[in-house]
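Reviewing the structure listed below.
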Amino acid sequence: MPSEPTTPDSYALWRNPEYRCYAGSWFLITFSRRVEFFAVTIHLARMFNATQASFALGMIGVVQALPVMLLAIAGGHLADRFNRRNVMLATFVLGIFSAAGLLGVALLGGSVWWIYGLLAAGAVGWGLGNPARQALLPQLVPAKVFSNSVAWNSTVFYIATVTGPVVGGAIVGGLPGTGLAVAFALVTFCRVMAVAAIALIGDSRESSTDHSVTWESLVAGIRFVWNTKLILATITLDLFAVLFGGATYLLPVYAQHILHVGPTALGLLLSADAIGAICMAVLLANRPPLRRAGPALLWAVSGFGVAWIIFGLSQWFWLSLLMMFIIGALDNISVVVRHTLVQMLTPDEMRGRVSAVNGVFIVASNDLGGLESGLTSGLLGRMFGPALGPVISVVGGGVGTILVVLAAAKTWPQLLKIGSLASIRPATLEEPDRDVL
């Protein structure tokens, strides 16, 4: 019998029209979120001094994280009880209204509280709809190439993450006076097109006949994650590593007050980690699944912390840019390992609720990490001066990330035993940790 090729057809997914619609909608959603984030952060950075801007930027994390954390479990329940494509269509419309509201603020004027309120409204739709988006992907691609689809999905994500700030910087910086409104108009258009692409996806999964909401059904995803130690370990590692080590929200402060560069250079900084992630994602998509995924994960997160330390100490723009590139490349290894484990270890009837738990961890790390960076930077800035506050915050976070890796390896030694991602098999609801590798 001829042996199977060690390297799969890396581009087979792109011949699937439904996957193309899924990936296209993911690109448009991510691109619009990055343009929106760039425009809002530039606007807030210009409104306040360095210390005040750190607090104002950190507040973005609060208003975007809280709705997702409060509603994600409900969104997971919707994803497991109803047609997942229809759930996405119904919830992502809120993002269109949010962007249109921000366009109105840019045209008519409005306080910062209007901006926070509209960002929170968009986060409500994201919190309810994103579990369905994550759970839909395994229905569109075969299990044997799922890790390949995760790599391509992260490629799409990071291409959007690169182009979003670049386009946002060109619009806001190149169109004084009207750039903010043009940026939000582009965000609105992209979200309309994303919803249209989602409508073209055929979800063969029928709605569940049981639409009841019980405490058992709501917490089932949490219980499954708690009992499946590999999932718990990887998402907890990511939570605390990014919570301590992520300082993306402080980049406008770094650009203006430490590196002394303008909006165009800030756009490059915001894009550099995504470029690094794209390079890593393309590499992972064009090679067999990682054979020693566990050790690779731990080394990648450790390097992530070291790169943030160097970035925090750097006052040279090009070194800072290189560190952001490395940060993105190493983070992508974590993304591929974590998402493959979460989706492949989870039975289909649980994927929405488990994806919701994973989403809460991601939001807590990214957005609350932004709050943590903003608050610590602002407080330390008052104690040691505005130039030192961000530096101490970022360097301390990088050190914290390395300590998190050591703690995770000691707490969950099974992380080191994770082998090839191609060998991952779904767990059972009765024995979630039995024979999964």
Problem set entry | Residue, farthest from ASP238 (Cα to Cα), within the range 296-319, restricted to residues that are touching a Leu at 6+ places or on another chain (Cβ under 6 Å) and either surrounded by fewer than 23 Cβ atoms within 10 Å (Cβ to Cβ) or among the small types (Gly, Ala, Ser) (or both) | PHE317
For this session: Might you let me know whether the range 182-200 holds any residue that is assigned to a helix (DSSP H, G or I), aromatic (Phe, Trp, Tyr) and at pLDDT below 85?
Result: no
Exercise. Can you pull out the residues in the range 241-267 that are touching a Gly at 6+ places or on another chain (Cβ under 8 Å) and hydrophobic (A, V, I, L, M, F, W, C)?
Worked result: ALA241, VAL242, LEU243, PHE244, ALA247, LEU250, ALA255, LEU266
Exercise. Can you find even one residue in the range 425-433 that is of a type in the set (Gly, Ala, Ser) and either buried (at least 20 other Cβ atoms within 10 Å of the Cβ) or modelled with pLDDT under 85 (or both)?
Worked result: yes
For this session: Provide a single number: the residues in the range 258-278 that are closer than 18 Å to VAL394 by Cα and in contact (Cβ under 8 Å) with a residue 24 or more places away in the chain.
Result: 7
For this session: Search the range 135-148 for residues being within 19 Å of the chain's Cα centre (by Cα) and at pLDDT 80 or above, and hand back the single one that is surrounded by the fewest Cβ atoms within 10 Å (Cβ to Cβ).
Result: PRO138
Seminar exercise, completed: Selection over the range 40-96 where residues are part of a helix (DSSP H, G or I), surrounded by fewer than 23 Cβ atoms within 10 Å (Cβ to Cβ), modelled with pLDDT of 85 or more and touching a Lys or Arg at 6+ places or on another chain (Cβ under 7 Å) yields a count of 1
Exercise. Out of (1) at pLDDT 90 or above; (2) buried (at least 18 other Cβ atoms within 10 Å of the Cβ); (3) more than 15 Å from TRP26 (Cα to Cα), the odd one out for ILE171 is which?
Worked result: (1)
Problem set entry | In the range 232-271, residue modelled with the highest pLDDT [restricted to those that are buried (at least 24 other Cβ atoms within 10 Å of the Cβ), closer than 29 Å to ALA408 by Cα and of a type in the set (Gly, Ala, Ser)] | ALA241
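The values are calculated or read from the model by the stated rules, or taken from the named source; none is laboratory data. Just so we're clear, the structure is a prediction, and the values are computed from it rather than from any experiment. In this analysis, Cβ positions are derived from the backbone assuming ideal geometry, glycine residues included, and neighbour counts consider all displayed protein chains.
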